[in-house]
Every structure is written in structure tokens, then in C-alpha cells.
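The values are calculated or read from the model by the stated rules, or taken from the named source; none is laboratory data. Small disclaimer: the values here were computed from a predicted structure and weren't measured. A quick note on method: Cβ atoms are made from the backbone with ideal geometry, for glycine too, and the neighbour counts reach across all protein chains shown. Remember, those area values only see protein heavy atoms, side chains included, never the ligands or the DNA or RNA. Shrake-Rupley method; radii C 1.70, N 1.55, O 1.52, S 1.80 Å.
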Amino acid sequence: KPDIDFVYFGELDKLGHIYGTKNKEIIKAVGKIDKKISKMDFDLIFSDHGMINIEKIISVPITNDCFIDSDMARYWGDDDEINKIKENLPMEFGKIIVWNKKYGNLIFLANSGVLFFPNFWNEKVVNGMHGYDGKHDDMKAFYLLHKIGTREDLKVEKLSGILHEFRKRR
């Protein structure tokens, strides 16, 4: 049904990666978005994630069968290979998480604010990142409801319920 319009403000994500979260470029972009939003009639505005400034840059092992994201390193291999990789992981800067094995036999998630570099995404070091453990306050998504400016930290399940209720009312 054509009862929902989506407007994407993607410049914050790009600028957040380049400059971090406190740079004047981010502040200017937020001001421009705020000005656009103030002229819109909306029921709901939401984000999909937050952004965290990079505080530490580390490297992780690169093997023949791995994928290194900016904040997650995934490895495939037999038990001996995985154990050797574990021995070389900088555990003080992250943790091993248990997830679906199709995403890796070993998955190492960086602590918030830690960037893996080199990685398979970035050609150079960035100043802001997302994708960390969602428990960090700066990673939380938010929503604004009915142009009142009410802000609340939001989990995907709650957003889904809000969208469902919104569609029922239309």
C-alpha cells in the first residue's frame, strides 16, 4: 500500500565514518536534517543504529579462510586452525561470540570503539563505526513519534510493533 513514505538521510552515516561523531561536519549535517524534518509532517522517524568514535586500532590474524570486517573477524577452518587463531586474538580488545556457524567457526567481535585494520571494507582508517554490541548507549537506535520530538531508545522488536500498529490505523 502506498501509505508509507520513506526518506533516507544517509549523509550522517558516511560523515560519521569519516569524521567521527563530534566533528563540526556532523553537527552541520544534523542541523540540515533537523531543518528538513521540521518542515515535514511525519508519524515516525527512526534510525537503524548509532555510531561510536574509534578509540583504538588493532590488527587481527588474517588467514586464507576469513573475513575481517571493521569490528568483526570471522574465521572458518578445522579445530586445529581455529585454536591457533584463538591463541593470536587480542582478547583484551574483543570477545568471541557464538552465532550461526555459516557466519564462521570462530567469530571475534571488537569492543566498542575498537577498529580492526587492515580489514576487507576500508582502504584507510575511519574515525567512527557501528556494528558493535548493541548494549552500548551510542549504538542504540531511536525513534521520534508524531512530530512531538519524543525520543526513546528502541529495539527492533518494538519498532516492528509500532509499524504494525501504525499500518492497522491507516
> Name the pairs: first residue in the stretch 41-54 and more than 16 Å from Ile26 (Cα to Cα), second residue part of a loop (DSSP other than H, G, I, E, B) and at pLDDT 85 or above, Cβ to Cβ under 9 Å, at least 6 apart or on different chains?
Replying inline: Asp48/His130
>> I need the full set of residues from the stretch 94-112 which are open to solvent by 50 Å² or more (accessible area, probe 1.4 Å) and of a type outside the set (Ser, Thr, Tyr), in order please.
In response: Lys95, Ile96, Val98, Trp99, Asn100, Lys101, Lys102, Asn105, Asn111
> What number of residues within the stretch 7-51 are within 25 Å of His164 (Cα to Cα) and not in a helix (DSSP H, G or I)?
Replying inline: 15
>> I need a count of the residues in the stretch 113-129 that are under 13 Å from the mean Cα position of the chain (by Cα), in a loop (DSSP other than H, G, I, E, B) and crowded, with 20+ Cβ neighbours inside 10 Å.
In response: 0
>> Whether any residue in the stretch 39-55 is open to solvent by 80 Å² or more (accessible area, probe 1.4 Å), closer than 30 Å to Ile82 by Cβ and out of contact with any Pro (no Cβ under 8 Å at 6 or more places or on another chain) is what I want to check.
In response: yes
> Quick check: anything in the stretch 62-83 farther than 30 Å from Tyr8 by Cβ, open to solvent by 40 Å² or more (accessible area, probe 1.4 Å) and among the aromatic types (Phe, Trp, Tyr)?
Replying inline: yes
>> Please go through the stretch 57-88 and give me each residue that is more than 15 Å from Phe117 (Cβ to Cβ) and part of a loop (DSSP other than H, G, I, E, B), ordered by number.
In response: Thr63, Asn64, Asp65, Trp76, Gly77, Asp78, Asn88
> In the stretch 89-102, how many residues are in a helix (DSSP H, G or I) and of a type in the set (A, V, I, L, M)?
Replying inline: 1
>> Tell me whether the stretch 27-37 contains one or more residues that are in contact (Cβ under 8 Å) with a residue 12 or more places away in the chain and within 19 Å of the chain's Cα centre (by Cα).
In response: yes
> Filter the stretch 1-14 for residues that are in contact with a Lys or Arg (Cβ under 9 Å, 6 or more places away or on another chain) and surrounded by 14 or more Cβ atoms within 10 Å (Cβ to Cβ); which is nearest to Asp71 (Cα to Cα)?
Replying inline: Glu11
